[in-house]
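Visitor: Following this message is one structure expressed as structure tokens.
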Amino acid sequence: TTQRRKAEQDLQDAHRRLALHLANTPLAVIEFSADFRLTLWSGQAERIFGWSSSEVVGKRIFDFNWVFEADATAIRRLMEKMQSGGSLQTVSRNRNYRKDGAVIECEWYNSSLVDSSGRIESVFSFVLDVTEQRRHQQALRESEERSRAIFDSAAVGMATCSLPEGRYTAVNAKMCEITGYPAEELKRLTYLDITHPEDRAENRRQFAELASGLRPSFSMNKRYIRRDGRVIWVRATNALIRDENGAPLHAVGSIEDI
């Protein structure tokens, strides 16, 4: 009797811990029967999608306005794949409607439970709302595209250099025009390779301070040796770009032919 009671207590504790984890997870926890009828709809599922458990448990996926129309075909294919036992673990990304009609982006992490004959018994899903993340990524892409457009079309030479060696990693059309080098050839060189020998020591000193993070930027007048051998004077301004942790990432320079 003592052993049985201990086993019962252990089982109750396990159920309690599981219930607490399901309540605390930031992901929606959803379970489907073999015919994709909802059998479990967690509190976080209610918060993410807006429907209460009593409104959806017992319904199938397409019984209420939950699936974004453009993604319905892909979702049906995934359901068929899981029902056939083709995959026990799947990850899907699709849009869903909330109860209020808003469209959200979701990542689904699905686990299929099958019996000894391989037939599906249930599907357990964790769902993450990635709407804000996707919006942030889209805004970042648009910002990068704008920055690239400004970089490429600038009326002065623009270049980025690796640290600490100072090899060109990106150059715009004006930089190629100033130096006489095509972009792919220029990106095989460092800033010192095209700098006049008499200006290299000072340029090397200032760039080293920039690369080490001792200074955020520097400007200097110096001479370039163009690809055709002609010497020209330029005004070079270089700034240090840091990564998200504050470590030096690369240098970006603007070059004006003076």
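The values are calculated or read from the model by the stated rules, or taken from the named source; none is laboratory data. Predicted model only: the values in this text are computed from it and were never measured. Cβ placement follows ideal geometry from the backbone for every residue including glycine, while neighbour counts extend to all protein chains displayed. For the accessible areas, the whole protein counts, side chains as well, though only heavy atoms, and no ligand, DNA or RNA atoms are used. Shrake-Rupley method; radii C 1.70, N 1.55, O 1.52, S 1.80 Å.
Visitor: At what distance in nm do the modelled label points of E209 and E107 sit from each other, each positioned 7 Å from its Cα along Cα→Cβ?
Guide: Taking the two extended label points, one gets 4.4 nm.
Visitor: Leaving out ligands, DNA and RNA, and with a 1.4 Å probe, what % of the accessible surface on segment 151-258 is carbon or sulfur?
Guide: 49 percent
Visitor: What does the charge dipole of segment 131-258 about its Cα centre add up to, to the nearest 20 debye, if the Cβ of each Lys and Arg holds +1 and the Cβ of each Asp and Glu holds -1?
Guide: 100 debye
Visitor: Which stretch or stretches of segment 22-64 have amide N atoms under 18 Å from the point lying 7 Å from R98's Cα along the Cα→Cβ direction?
Guide: 26-29, 42-53, 55-56
Visitor: Averaged per residue, what accessible surface does the chain expose to a 1.4 Å probe, in Å²? Could you put the intermediate results ahead of the total?
Guide: Numbers: 15140 Å² over 258 residues.
With all protein chains present, the chain gives 59 Å² per residue.
Visitor: Give the ranking of T237, T73, T195 by solvent-accessible surface, highest area first, calculated with a 1.4 Å probe.
Guide: Correct descending sequence by accessible area is T73, T237, T195.
Visitor: Once the whole set of protein chains is in place, how much accessible area is left on K187, using a 1.4 Å probe, in Å² to the nearest 10?
Guide: Roughly 70 Å² of K187 is accessible to a 1.4 Å probe.
Visitor: Taking all pairs of distinct Cα atoms, average 1/r, flip it, and tell me the Kirkwood hydrodynamic radius of segment 164-224 in Å to one decimal place.
Guide: Over segment 164-224, the inverse of the mean reciprocal pair distance is 12.3 Å.
Visitor: Let me understand segment 87-170 better: what is its radius of gyration from the alpha carbons, and its Dmax, in angstrom?
Guide: Computed over the Cα atoms of segment 87-170, radius of gyration and Dmax are 22.6, 70 Å.
Visitor: Count the lysine pairs in the chain that are 8 or more places apart or on different chains: how many have C-alpha atoms under 25 angstrom apart?
Guide: Lysine pairs, 8 or more places apart or on different chains, close enough: 5.
Visitor: Right, next: When the Cα centres of segment 133-176 and segment 179-258 are compared, how far apart do they sit, in Å?
Guide: Comparing the Cα centres of segment 133-176 and segment 179-258, I get a distance of 16 Å.
Visitor: Can you give the Kirkwood hydrodynamic radius of segment 1-131 from its Cα pairs, in Å with one decimal?
Guide: For segment 1-131, the Kirkwood estimate is 15.9 Å.
Visitor: Next question, about the same structure. Pairwise over distinct Cα atoms, reciprocal of the mean inverse distance: report the Kirkwood radius of segment 118-258 in Å, one decimal place.
Guide: In segment 118-258 this quantity evaluates to 17.2 Å.
Visitor: Here is a follow-up. Which sequence of R5, R17, R235 reflects their accessible areas, 1.4 Å probe, from the largest down?
Guide: Final ranking, largest accessible area leading: R5, R17, R235.
Visitor: What's the extension gain from K6 to L140 if we count 0.36 nm per residue and subtract their Cα-Cα distance?
Guide: Answer, rounded to one decimal: 42.7 nm.
Visitor: Something else about it: Roughly speaking, what % of Cα-Cα pairs in the chain are separated by over 31 Å, rounded to a whole number? Write out the running numbers ahead of the final one.
Guide: Values: 17877 of 33153 pairs.
Pairs farther apart than 31 Å: 54 percent.
Visitor: With no solvent and one equal point scatterer per Cα, compute the Debye intensity ratio I(q)/I(0) for segment 27-85 at 0.26 Å⁻¹ and report its log10, rounded to two decimals.
Guide: For the requested q values the scattering log ratios are -1.19.
Visitor: Could you put W233, W108 in order of accessible surface area, largest first, with the 1.4 Å probe and the full protein assembly present?
Guide: The most accessible residue leads, giving W233, W108.
Visitor: Is it possible to state the helix-based mean residue ellipticity at 222 nm for the chain, with each DSSP H run of 4+ residues giving -39500 (n - 2.57), the sum divided by total residues, to the nearest 500 deg cm²/dmol? What is it?
Guide: Only helices count here, giving -11500 deg cm²/dmol.
Visitor: For a quick check of understanding: with a 1.4 angstrom probe and all protein chains in place, what accessible area in square angstrom does Y97 have, to the nearest ten?
Guide: Ignoring ligands and nucleic acids, Y97 comes out at about 30 Å².
Visitor: To the nearest 10 Å², what's L113's accessible area with a 1.4 Å probe?
Guide: The accessible area of L113 comes to roughly 90 Å².
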